[in-house]
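What follows is a single structure, written as structure tokens, with notes after it.
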Amino acid sequence: MIYDFHTHTFLSDGVNSPIELIRCAHIYGYAAIAITDHVSYSNIDEIIKAVKKDCQLAEKYWEIKAIPGVEITNVPAKSINEMAKYAKECGAVMVAVHGQTMVEPVEEGTNFQALSCPYVDLLAHPGLLTDEEANLAVKNDIYIEITRRQGHSLSNGLVAQKGIRAGAKLLVNSDSHSHNDLYREGMQRKIALGAGLTEEQADYIFSNNTQNFLKKILN
């Protein structure tokens, strides 16, 4: 069963509608999928409202956990705390923050602010993760992403290394922008192993971290 906590739809820069992406995930053997479109104050209310409706629709008729979330993206770093809080108040079940990937001009300090925020659940593709940031993730129980996404995945090896050394909780997500990007045929495990994780470490992520993350966000 596949658990994927970072995906996008045509409500931001993806291809599919939320229900269409959830349907494909269901067919591909997903147990849970989070819809986490890019947001800031310009669209956060509308996106959460729309995604919640399709997630509820999917769960009513199909055996899949569909999670309405957001990815706070390219905002001023010091606005993350208030924006993440607002997202939760609007009904986002999970909040991810677009980390300091090497391939986009994300503001310096974004990782630190995200990992210091009690309303953030996941730091997505953090780029050149530091030891301080990894330790902060442990302290504040915020999960860190290893990603399939082209470009963002360039730092997967470093993220895995720093995360494991600090004892941080890692997730392997797709950051899919189309149904074609969703995991299938063992690709999620290959991404984990390609990041330098051992078979045992990958097993722990897929059997333990995914379940604990679900409990965290659904609590």
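How do M102, M83 line up, fewest other C-beta atoms within 10 Å first?
On the way: M102 13, M83 21.
The order, fewest Cβ neighbours first, is M102, M83.
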Under a point spin-label approximation (7 Å from Cα along Cα-to-Cβ), what is the V15-E104 distance to one decimal in nm?
-> 1.9
Phi angles of segment 123-131, converted by Karplus (6.51 cos²θ - 1.76 cosθ + 1.60, θ = phi - 60°) into ³J(HN,Hα) in whole Hz with x for Gly and Pro, give 9, 7, 5, x, x, 7, 4, 9, 4
Taking a straight Cα-to-Cα line shorter than 15 Å from K162, and setting aside same-chain aspartates and glutamates fewer than 8 residues away, one finds D131, E132, E133, E145
Yeah, segment 82-161 with a ≥ b ≥ c from its alpha-carbon gyration tensor (a/c under 1.5 is rounded, else prolate when a/b outruns b/c, oblate otherwise) is prolate
If the cut-off is a Cα-Cα distance under 21 Å, which lysines reach K215, setting aside same-chain residues fewer than 8 apart in sequence?
-> K52, K60, K65, K85, K88, K139, K169
For the pair M187 and D131, the simple spin-label estimate (label points 7 Å beyond Cα toward Cβ) gives in nm 3.6
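In which sequence would I144, I27 go, from the one with the fewest C-beta neighbours within 10 Å to the one with the most? The partial results should precede the final answer.
Details: I144 26, I27 13.
Result, fewest neighbours first: I27, I144.
How do T110, T73 line up, fewest other C-beta atoms within 10 Å first?
Numbers: T110 25, T73 20.
The order, fewest Cβ neighbours first, is T73, T110.
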With the dipole of the chain worked out from charges on the C-beta (+1 for Lys and Arg, -1 for Asp and Glu) around the Cα centre, which of N111, Q56, I144 lies farthest toward the positive end?
-> Q56
What residues have an amide H closer than 5 Å to that of S17, excluding those fewer than 5 places away on the same chain, when H is modeled at 1.01 Å from N in the peptide plane?
-> F10
With label points set 7 Å from each Cα along the Cα-to-Cβ direction at N212 and E89, the distance between them in nm comes to 3.1
Plugging the Kirkwood radius over Cα pairs into Stokes-Einstein for segment 123-192, at a temperature of 20 °C and a viscosity of 1.002 mPa s, what D comes out in µm²/s?
-> 175
Extension length gain for S79 and D45 (0.36 nm per residue less Cα distance), in nm, is 10.6 nm
Before rounding to the nearest 500, sum -39500 (n - 2.57) across all DSSP H runs of length at least 4 in the chain and divide by the residue total; then give [θ] at 222 nm in deg cm²/dmol.
-> -12000 deg cm²/dmol
Sort out for me the Cα centre separation of segment 1-72 from segment 165-210, rounded to whole Å.
-> 19
Long-range alpha-carbon pairs in segment 2-218, meaning those over 21 Å apart, account in percent for 48
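Each value in this text was obtained by applying a stated rule to the coordinates, not by laboratory testing. Worth saying up front: this structure is predicted, and the values here are computed from it rather than measured. All Cβ positions, even for glycine, are placed from backbone atoms using ideal geometry, and neighbour counts span all protein chains on display.
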